[in-house]
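Novice: The structure follows.
The values are calculated or read from the model by the stated rules, or taken from the named source; none is laboratory data. Just so we're clear, the structure is a prediction, and the values are computed from it rather than from any experiment. In this analysis, Cβ positions are derived from the backbone assuming ideal geometry, glycine residues included, and neighbour counts consider all displayed protein chains. SASA here: full protein model, heavy atoms, side chains in, ligands and nucleic acids out. Shrake-Rupley method; radii C 1.70, N 1.55, O 1.52, S 1.80 Å.
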Amino acid sequence: SEFFDLDGSALFAIDNWETGLQLWTSDGTPSGTLRLKSFASGRYGMADLGRIGHRALFGVHTFDFSTGIYRSELWATDGTGEGTQFLTNLERDGRPEYIQHFVEGASALLFETTNADFAVTLWTTDGTPGGTRVVWSDATLSYGWWWESIQPTPFGQEIVFVGETPAHGKELRVMEEA
């Protein structure tokens, strides 16, 4: 796992077959290295980390071997076990969405997701469950490849991003930040 700086402490994930996914924090000392959260059984992965104020946001992707169901969730932490909370399911039409990356906006954190069909969704969050929502979605817009990005970029109070449609090819889109 990569390390993420949150107010002078390192956040990191450990994911192995014996323990599953765990979120940890460390100030660099043995006594300051603590497990914040263990996620339920199943196979997991952790997506990009983003920051809003003194909180880190991250995606957790799950696969339950007993049901064959994939899930994708957004979580936030202030670096404590008590301050680690579930924000929302990242699903559209009953299918999991996978976080590409986070971008700091003028008033919130933006992130984009894609699903197995490469459909794109742009989200905004203030780091709370009630403040996390879809701001733009287009099932016909696709990356073409999962590693491509729509490149959401804050520009004043607007968000500028690039997408590609079969009808128009690549195009620039502008919307007000919600």
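Novice: Does Arg51 fit the bill of being under 30 Å from Gly32 (Cα atoms) and in a strand (DSSP E or B)?
Specialist: Considered against the rule, which asks whether it is under 30 Å from Gly32 (Cα atoms) and in a strand (DSSP E or B), Arg51 comes out as yes.
Novice: Let me ask you something else. When you scan the range 1-26, how many residues do you find that are touching a Lys or Arg at 6+ places or on another chain (Cβ under 9 Å) and open to solvent by less than 30 Å² (accessible area, probe 1.4 Å)?
Specialist: Counting residues in the range 1-26 that are touching a Lys or Arg at 6+ places or on another chain (Cβ under 9 Å) and open to solvent by less than 30 Å² (accessible area, probe 1.4 Å) gives 6.
Novice: Six or more apart or on different chains, Cβ under 7 Å: which pairs go from a residue in the range 110-132 that's farther than 14 Å from Ser72 by Cα and touching a residue at least 60 places away in the same chain (Cβ under 8 Å) to one that's open to solvent by 10 Å² or more (accessible area, probe 1.4 Å) and not hydrophobic (A, V, I, L, M, F, W, C)? Could you list them?
Specialist: Matching pairs, first to second residue: Thr125/Gly131; Thr125/Thr132; Gly127/Gly53; Gly127/Arg55.
Novice: In addition: Does the range 77-88 contain at least one residue that is more than 25 Å from Glu158 (Cβ to Cβ), hydroxyl-bearing (Ser, Thr, Tyr), in a strand (DSSP E or B) and open to solvent by 30 Å² or more (accessible area, probe 1.4 Å)?
Specialist: No, because not a single residue in the range 77-88 is more than 25 Å from Glu158 (Cβ to Cβ), hydroxyl-bearing (Ser, Thr, Tyr), in a strand (DSSP E or B) and open to solvent by 30 Å² or more (accessible area, probe 1.4 Å).
Novice: Mind counting the residues in the range 106-120 that are open to solvent by less than 20 Å² (accessible area, probe 1.4 Å) and outside any strand (DSSP E or B)?
Specialist: Total meeting the criteria: 2.
Novice: Also: For the condition more than 28 Å from Thr124 (Cβ to Cβ), modelled with pLDDT under 90 and open to solvent by 30 Å² or more (accessible area, probe 1.4 Å), what is the one hit in Thr33, Thr67, Thr29?
Specialist: Being more than 28 Å from Thr124 (Cβ to Cβ), modelled with pLDDT under 90 and open to solvent by 30 Å² or more (accessible area, probe 1.4 Å) holds for just one of Thr33, Thr67, Thr29, which is Thr67.
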